[in-house]
Amino acid sequence: MPTLDWPALEAAFDILCPMHLRLTETGHIVHVAPTLKKLRPDADLTGMRFLEVFRLDRPRSITTMSELMSRARSKLHLELREAPCTSLKGVLVRLPKGQGALVNLSFGISVVEGVQDFGLSSADFAATDLAIEMLYLVEAKSAAMDASRNLNQRLQGAKLAAEEQAATDTLTGLKNRRAADRILETAIEEDRPFTLMQLDLDFFKAVNDSKGHAAGDRVLQEVAKIMRAETRKGDVIARVGGDEFIILIEGSAEKDRLKEIASRLIRGIEQPIKFEDETCHISSSIGIARRLVGDPRGMDALMQCSDRALYASKSKGRACATFDDDLVELY
Amino acid sequence: MHGLINKAVEAFVKDTYGVDAWRVIAHRADLEDPSFEAMMVYDNSVTPRVVDCATEALGVERGDFLQNLGTYLVSQPSQQAVRRLLRFGGVDFVDFLYSLDDLYDRARLAVADLFLPRLELREHTVNQFSLTVRSDIDGFGHVLIGLLTAMADDYGALVMLEYGGRQGEVETIAIALLETAFAAGNRFELGVRV
């Protein structure tokens, strides 16, 4: 076999693989391609041992030249022994007749840090190398991501603002506290007669704690369904807290009829609620305040009255309804 | 048209003529929201309408307005991303010119729904080229003249550009490369720590 014209070959390889090295059979570096030189600009690598310059740690630690030669043709993971310890990918091919080996290296995924650390330009990569396209993509994608993130943040802000303005409780589809307050205020301003029922779920916390939030959410949705079924279309139902509801019944209803509505509500709510394999049992306590035409109480006072009635129901042992005007004599 | 294009027009007007000028233009163009979203897609009629209203309100020639927009996109420090992404196209100005053929695909690789005008470069002699631009925006070639002038400057090349008019949807630009290394140009680091 004729001896190879290494200077001519290396000049060609420098263009094709600007990050390659040629090693002797003993693992000493005899040639360093131009881009690779930029990784150790202060040191001349020729004459040094390959394993002195690079640490090979995957797939297993390689410490001797014969081990390295045995890994020929397979993918090598290595890193520079000196800072910035850039990690590189490589492959080694043995030259025939004990003439040593060629090793080609690449930045792999660390190309972004690589070009920063060593100040590389397009000319440092082979014309066929996809590194430049990769760098273009990384930069283009992160610019696009920044713009998207920006939009997402603003949309998130707008969503919060919209929720703030919303009148509906998203879980149950009932009115929320803000909407309920507005409706109550208007009714009082217009001096309309109505009944305010305040309703707290009993044992709801136990369901939530023992069976989880999903079960709790399901219970709240079922309760909302029952309240819709037991009231008329014009009545206002709102969820005003975790397990607190109010019902505003328009008109001056008789106490007996209101009592009837309240007990139907309690009976309905006490029906076992199925959630997955579990059955949830809850009940409800109700406080009722009636407002007649000319009633001087404002919204807060009226709410306090229904609240007091609600607590009276709770202290009577729950699962019942109390009218605020039945309490008055106690005070 | 993609929001990135509309946002670029908005940024150019705001930075060049002021926020108040933009407010007037946005009002005249009947924009629902005077601030474009870069990552949203708008109706194709919006961009030409904004350009029409802008040239009218500012009292500037359409060609000049679009050319200055092109220059702004490359040379304005706040628009660094555009210059950098274009510089990835080539190691020197001629290499860059050839990369314009791929600009349409390159843009879509980054933002899938960004459809830039299609460009095609023809080489007549070593230093004579022509670039055709296919766009439904009348005068888009002027944007490219501004952009190419600024890019030539960035590469340190000396060029002469001439607008060849519009036929149907196609506009032509004649490019004469007088010197590739006229000035030092700006450095282009592949990796920039942000």
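Here are some notes:
- Each of A:Met48, B:Ala38, A:Val236 was placed along the dipole of the protein assembly as shown (beta-carbon charges, centred on the mean Cα), and the one lying farthest toward the positive end is A:Met48.
- Applying the criteria of a DSSP loop state and at most 14 other Cβ atoms within 10 Å to the GluC sites (Glu not before Pro) of the stretch A:203-273 yields A:Glu254.
- Accessible area expressed per residue, the stretch B:3-60, with surrounding protein chains retained (probe 1.4 Å, Å²): 50
- Rounded if a/c under 1.5, otherwise prolate or oblate - chain B, Cα gyration tensor axes: prolate
- Per residue, chain A reaches -13500 deg cm²/dmol at 222 nm when only DSSP H runs of four or more residues are counted, each adding -39500 (n - 2.57).
- Centroid-to-centroid separation of the stretch A:260-319 and the stretch A:125-192 [C-alpha atoms, Å]: 36
- Using R0 = 56 Å, the C-beta based FRET efficiency linking B:Thr125 and A:Ala158 works out to 0.50.
- For the protein assembly as shown, a/c is not less than 1.5, where a ≥ b ≥ c are the root eigenvalues of the C-alpha gyration tensor, and a/b does not top b/c. That puts it in the oblate class.
- Summed over both chains, the accessible area lost when B and A associate is about 1900 Å², using a 1.4 Å probe.
- Nearby lysines by direct alpha-carbon distance to A:Lys225 (threshold 29 angstrom, same-chain neighbours under 8 apart not counted): A:Lys159, A:Lys175, A:Lys205, A:Lys211, A:Lys233, A:Lys255, A:Lys259, A:Lys274, A:Lys314, A:Lys316
- Measuring heavy-atom accessible area with a 1.4 angstrom probe and counting protein chains only, the residues of the stretch B:61-88 that give up at least 30 Å² relative to the chain alone are B:Leu85, B:Phe88.
- At an R0 of 45 angstrom, the distance between the Cβ atoms of A:His281 and A:Val138 translates into a FRET efficiency of 0.20.
- Under 9 Å, Cβ to Cβ, from B:Val51 - net charge with Lys/Arg +1 and Asp/Glu -1: 0
- To the nearest ten degrees, helix B:62-75 and the longest principal axis of the Cα atoms of chain B are 60 degrees apart.
- Angle between chain A longest axis and helix A:213-229 axis [Cα atoms, degrees, rounded to 10]: 40
- Taken about its Cα centre, the stretch B:92-179 carries a charge dipole of about 180 debye when Lys and Arg each add +1 at the Cβ and Asp and Glu each add -1 at the Cβ.
- Here the protein assembly as shown has 52 percent of its accessible surface on carbon and sulfur atoms, given a 1.4 Å probe and all protein chains in place.
- Zone residues, the stretch A:258-288, relative to A:Cys320, backbone N less than 12 Å from point 7 Å out along Cα-to-Cβ: A:286
- Shape of the stretch B:92-179 from the C-alpha gyration tensor: oblate (a/c of 1.5 or more and a/b not above b/c, with a ≥ b ≥ c the square roots of its eigenvalues).
- Evaluated with a Cβ-only charge set (Lys, Arg +1; Asp, Glu -1), the protein assembly as shown carries a dipole of roughly 1700 debye about its Cα centre, given to the nearest 20.
The values are calculated or read from the model by the stated rules, or taken from the named source; none is laboratory data. All figures in this text were calculated on a predicted structure; none of them were measured in a lab. We place every Cβ from the backbone using ideal geometry, glycine too, and count neighbours over all the protein chains shown. We work out accessible area using only protein heavy atoms, side chains counted, and drop any ligands, DNA or RNA first. Shrake-Rupley method; radii C 1.70, N 1.55, O 1.52, S 1.80 Å.
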